[in-house]
Ligand SMILES: Cc1cc2nc3c(=O)[nH]c(=O)nc-3n(C[C@H](O)[C@H](O)[C@H](O)COP(=O)(O)OP(=O)(O)OC[C@H]3O[C@@H](n4cnc5c(N)ncnc54)[C@H](O)[C@@H]3O)c2cc1C
């Protein structure tokens, strides 16, 4: 259906980006993301672009010649969204990596899409401002974060990537360059096209510049590690904690088994691993008095909620020990098994405990190991179904049964298919089951408007026409 890359196309691309930035032999890892189960793509050639004019010329040509184009940031996605399914061009933003400005006087930053999250976070902090979105993988690009509407640990207090994007420069499938949104604090000017782009996974346009909102950087942070005697009492504390006068910056839950995997993977122990379930709660403030008041009110509340202890991490070293372990959970589970699939479901925080009971039931019923951890404060769970030594034929039969059951139950709990990782090609069927035919039809109509030839990351989020 799409045209394969031929000599004429290669000559065109070489003309635009030069020999050095045209990759005819794809580097390792360029045809996949971080979830091996979603397979290898079939991208034929890759280009490193360095400005929107190059992107514009390439898209114009691809559109005229019916060539699929898949944008790639750092390839850290978890749903196969940067994995090309219809050959064509992989367009890498890795070299569009300049921070154009960070302006504390307007609390905004302007960046190219290939800037890494860790670079932006560090440079903002040097100027005493903060870019609040904090997804776990710091080597992801800001363009990738925008394209997946990435969430992360601090979403409970600050919201997600979409909440911090004021404007986007975008190249449309036709090659036209447009700017959506403005560097203003409010905007009620027609349809929210900028917001539609965020989370569209490279299917509606290619982001070439982002204007971001910053906030003052809180100077003090304290994390509390709170053990519970079971996961139910742990999760029952969550709706109580969110009602305290000061909202915490992170509110994560984890079970002992995941901590065991992390110890095995990192070779380092967590500050405590004796109890079946834990919360990590962080408070941030600008003065010690404010912070002490927040910790007192949380501690008083936790004592009434069956917390077994409260370990306070108030030094950089102690906090790093907590957060380095928390940050390694996904890789630790991946390391503990031969293959795994993931559900990134999100639901009301009051439903998580029942959902975890259901996961346990599924795990016993099908004799499959399932690991779960997540953002308790915003109801976003990461559920990993592990193959371990399950023989191939049984795994092939079992996995869809378990995944279908996980998504069906999340729907019953009034949840959504993805809290932050997106849909890609891996979760399309579940999206349709969740939102229904009318919304899928609306999404198809939107795709037709922005990309009538369906050249942009085809077969992602919705099926090819
Ligand atoms: C260990 C680990 C922890 C993670 N933790 C989190 C977490 O806490 N929260 C979270 O939300 N995610 C998390 N992720 C997932 C991943 O890091 C995010 O989805 C991230 O936003 C992807 O960014 P990327 O640059 O790697 O994009 P890629 O994986 O390269 O691409 C992702 C999608 O964005 C599109 N895209 C990329 N750049 C552009 C652009 N400039 N214009 C248009 N489309 C574009 C691609 O086509 C693709 O559809 C984690 C991943 C790992 C491996």
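Read the figures in this text as sums done on the coordinates, not as results from a lab. Since this is a predicted model, take the numbers as computed values, not measurements. Quick reminder, even Gly has a Cβ in these numbers, built from the backbone with ideal geometry, and neighbours come from all protein chains shown.
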* **Rel. contact order, % - alpha carbon contacts under 8 angstrom, at least six apart, region 339-409** => 41 percent
* By how many degrees, 0 to 90 and rounded to 10, does the Cα axis of helix 117-126 deviate from the longest principal axis of the chain? -> 70 degrees
* Relative packing of 332-345, 311-324, which averages over residues the other C-beta atoms within 10 Å, highest first -> 332-345, 311-324
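Remind me, relative contact order of the chain in percent, using alpha carbon pairs under 8 angstrom and six or more residues apart? Show your work: numbers first, answer last.
Working: 962 pairs, mean separation 74.6, N = 465.
Here the relative contact order equals 16 percent.
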* 222 nm [θ] for the chain, helices only, -39500 (n - 2.57) per DSSP H run of 4+, per residue, to 500? -> -11000 deg cm²/dmol
* Asked: Using the scaling law 2.2 N^0.38 Å as the reference, what is the normalised Cα Rg of region 7-94?
  -> 1.03
* Per residue, how big is the convex hull around the C-alpha atoms of region 337-412? Give it to me in cubic angstrom, could you? => 73 Å³
* Asked: Roughly how tilted is helix 288-303, in degrees to the nearest 10 and between 0 and 90, from the longest Cα axis of the chain?
  -> 70 degrees
* Which order do the peptides 406-418, 444-456 take when ranked by the mean count of other beta-carbon atoms within 10 Å per residue, highest first? => 406-418, 444-456
* Asked: Where does each of 191, 430 land when they are ranked from fewest to most other beta-carbon atoms within 10 angstrom?
  -> 191, 430
* Which of rounded, prolate, oblate describes region 224-318, given a ≥ b ≥ c as roots of the alpha-carbon gyration tensor eigenvalues and a/c under 1.5 marking rounded, otherwise prolate only if a/b is larger than b/c? -> oblate
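Suppose R0 equals 51 Å; then what is the FRET efficiency for residue 182 and residue 310 from their Cβ-Cβ distance, rounded to the nearest 0.05? List each step's numbers first, then the result.
Working: r = 45 Å, r/R0 = 0.89.
Computed FRET efficiency for residue 182 and residue 310: 0.65.
Sort the following peptides by mean Cβ neighbour count (other Cβ atoms within 10 Å, averaged over residues), highest first: 6-15, 117-126. Don't jump to the answer; show the numbers that get you there.
Working: 6-15: 13.8, 117-126: 16.5.
For the peptides 6-15, 117-126, the packing ranking is 117-126, 6-15.
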* Just need log10 I(q)/I(0) for the chain at q = 0.05, 0.06, 0.13 Å⁻¹, Debye formula, equal scatterers on the alpha-carbon atoms, no solvent, rounded to two decimals. => -0.19, -0.27, -1.25
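Take the eigenvalues of the Cα gyration tensor for region 99-216, scale each by 5, and report the square roots as semi-axes in whole Å, largest first. Can you show the working numbers first?
On the way: eigenvalues 89, 48, 38 Å².
Value: 21, 16, 14 Å, ordered largest first.
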* To do: Give me the distance in nm between label points sitting 7 Å out from Cα along the Cα-to-Cβ direction at residue 193 and residue 354, one decimal.
  => 4.3 nm
